[in-house]
Structures are given as structure tokens and as C-alpha cells.
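Peer 1: Have a look at this one before I ask anything.
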Ligand code: IPE
Ligand code: IPE
Ligand code: MG
């Protein structure tokens, strides 16, 4: 798929990616899993650059799930080290490209040095008006919904919120993704047909694209293929074809 064949007006505003398959990529090469994560990080750099060039509004990357804390300690530690390395080396480039960094998830669970680097990146890029790079760290969709509901519950107790005022717009404002549009396209690499607790609320009408390509092998070309596929979809949002055509 050639980038030039993409229709600019029909590009998604928000792409979310479940970057999966680092371990299997390493295993296939008889390497340690961390080598897969390391290669995966290089792919992140490339994909961020491509999405920035495509003028995307939001790119959400699932980097570390709440469930991933249960992995062997050595792997978690190595992932945290990689994350720090990514942030240290990329903050300047993100800023130069007018990219605004955002993080979603239960950030309190992250080691202190990681949190402070994440906050530093968010602070440095907060006034940027280009693409939002939304990184999910220690993230779970259910956990996010529980945090939102708990906060709303507190406000009900103090009479700041009426239960009858709760609607989809209000709940969305209490999620970590408040202010961001819902993803138009969700890409998952490595062939798994599941969402693994990612953006459960937000993907209600998101188009899904799964590729067998493992994340460390994911190339520009694979992203263009996903976008080409997306552009051929008909998004109906519950309406009939006839209704969509007359809109
Ligand atoms: C995705 O790759 C990266 C993270 C979940 C942090 P995996 O580590 O899940 O790779 P596989 O699924 O074992 O191949
Ligand atoms: C999802 O991948 C989480 C990330 C990509 C960060 P996992 O590898 O953790 O998901 P499962 O266990 O295959 O569902
Ligand atoms: Mg996996």
C-alpha cells in the first residue's frame, strides 16, 4: 500500500494501537523477551513519526497494562527502564514536532523516577498544538471506569452532582481520556482477536484492524495497509445505509 493512495479527508482522527507480540518476536529468534521490547521501542519511534507526518490528531499507544504488573519482576523492571530511556531520548524530538504528550492509567503505581519523567514530558509539551501522543501506562479500561465512577460518587455525596445528571458526556469527562475524541481505528498486532482491557468505554464504535505482523516487525507500510482498510469501511453507527448516504 502506497501512502499516496490514502485519501487525506478520510483518515482517522484518532488511532489506538495495542502493540503486541514483542515476546514472540524475540522467541522466534531465540532472544530474551526484552530484546523484543527493545526492538518494539524503535518501532514506536517510527510510528509516532509517521502519524505526526499524517497529521493525526491523537495516537494512543497501549504500552503497559495493569495486568502486565503480574509479569516476572525482571521483565517489568526492564520495561520500566526502556520506558525511561524512551522518554529521555524522545522528549526533545516530540516537543520539536509540536507533539503534546498525555498519559492515561493508574500512574501512581509506576516507579517514582518513571512518573517524574512522564510528568516532565507532559509539562514540557503541554502547550503544543500538534498531535497528542497518548500513552497508556499501568492502564486498564475497567480500572479507569471504576476511578471515574468513584469520583462521581464522591461528588454525589457532597451534592456537587445529581445522579440524574449522569450521562455519556459526563462520564467521558471523568475518564483519563477526557477531552480526547474516541478512537476511529484500533489496531492490534500479532493476531490476537481481543481488546485486553484497552479503552473499553471509548471503543464503542471504533473500527478494529488486526494484523498477524508482530509489533517489532510493524512497518510504515503496515500502518498504511491498516489505514487503507479503514478507508474502505462503512461506519454506520447503528443507522441504515440509506440514512448514511443521505447525511
Ligand atoms: C507487548 O508484547 C508488549 C507488552 C505487553 C508490554 P508482549 O510482551 O505481550 O509479547 P507477546 O504477546 O508475549 O509476544
Ligand atoms: C496487551 O498485551 C497490553 C499491551 C500491549 C501493553 P498483552 O500481551 O498483555 O495482552 P494479552 O495478555 O495477550 O491479552
Ligand atoms: Mg502479548
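Every read-out reported here was derived from the displayed coordinates using simple, explicitly stated rules and does not represent laboratory data. Owing to the predicted nature of the structure, the values given are computational and were not obtained by experimental measurement. Heads up, the Cβs are rebuilt from the backbone with ideal geometry, glycines too, and the neighbour counts pull from every protein chain shown.
Peer 1: What ranking of 3, 42, 90 emerges when the number of other C-beta atoms within 10 Å of each C-beta is taken as an exposure proxy, fewest first?
Peer 2: 42, 3, 90
Peer 1: Past the 22 angstrom mark, what percentage of all C-alpha to C-alpha distances in the range 106-209 do you count? Kindly include the intermediate steps, with their values, before the conclusion.
Peer 2: Details: 2386 of 5356 pairs.
Tail fraction, whole percent: 45.
Peer 1: Mean-square fluctuation check for the chain, GNM, Cα pairs under 10 Å: which of 198, 237, 218 is largest?
Peer 2: The residue that fluctuates most here is 237.
Peer 1: Report the rotationally averaged projected area of the range 95-161 based on its alpha-carbon convex hull, in square nanometres.
Peer 2: If you wrap the Cα atoms of the range 95-161 in a convex hull and average its projections, you get 5.8 nm².
Peer 1: If a/c stays under 1.5 just call it rounded; otherwise compare a/b with b/c (prolate if a/b is bigger, oblate if not). Do that for the range 202-247, with a ≥ b ≥ c from the square roots of the Cα gyration tensor eigenvalues.
Peer 2: prolate
Peer 1: Another question, then. Please arrange 91, 122, 18, 104 by how many other C-beta atoms lie within 10 Å of their C-beta, fewest to most. Spell out each step's value before the answer.
Peer 2: Details: 91 18, 122 15, 18 25, 104 22.
Lowest to highest Cβ neighbour count: 122, 91, 104, 18.
Peer 1: Given bins 10 angstrom wide, list per bin the percent of all Cα-Cα distances in the range 18-147, short to long.
Peer 2: For the range 18-147, the pair-distance distribution reads 12, 43, 35, 9, 0.
Peer 1: What residue among 186, 117, 31 shows peak mean-square fluctuation when the chain is described by a Gaussian network model with Cα springs under 10 Å?
Peer 2: Answer for the Gaussian network model of the chain: 31.
Peer 1: Have a look at 166, 15, 203 and tell me which one the Gaussian network model of the chain (Cα, springs below 10 Å) gives the largest fluctuation.
Peer 2: It is 166.
Peer 1: Let me ask something additional. Hey, fewest Cβ within 10 Å first, where do 170, 80 land in order? Don't skip to the end; give the middle numbers.
Peer 2: Values: 170 12, 80 16.
So the ranking, lowest neighbour count to highest, is 170, 80.
Peer 1: Still on this structure, please answer the following. Hey, any idea what Rg/Rh is for the chain, computing Rh the Kirkwood way over Cα pairs?
Peer 2: 0.97
Peer 1: If I take every Cα pair under 8 Å that is 6 or more residues apart in the chain, average their sequence separation and divide by the length, what percent do I get for the relative contact order?
Peer 2: 29 percent
Peer 1: Once Rh is set to the Kirkwood radius over Cα pairs, what Stokes-Einstein translational diffusion coefficient, in µm²/s, holds for the range 1-57 at a temperature of 25 °C and a viscosity of 0.890 mPa s?
Peer 2: Value of D from the Cα-based Kirkwood radius: 186 µm²/s.
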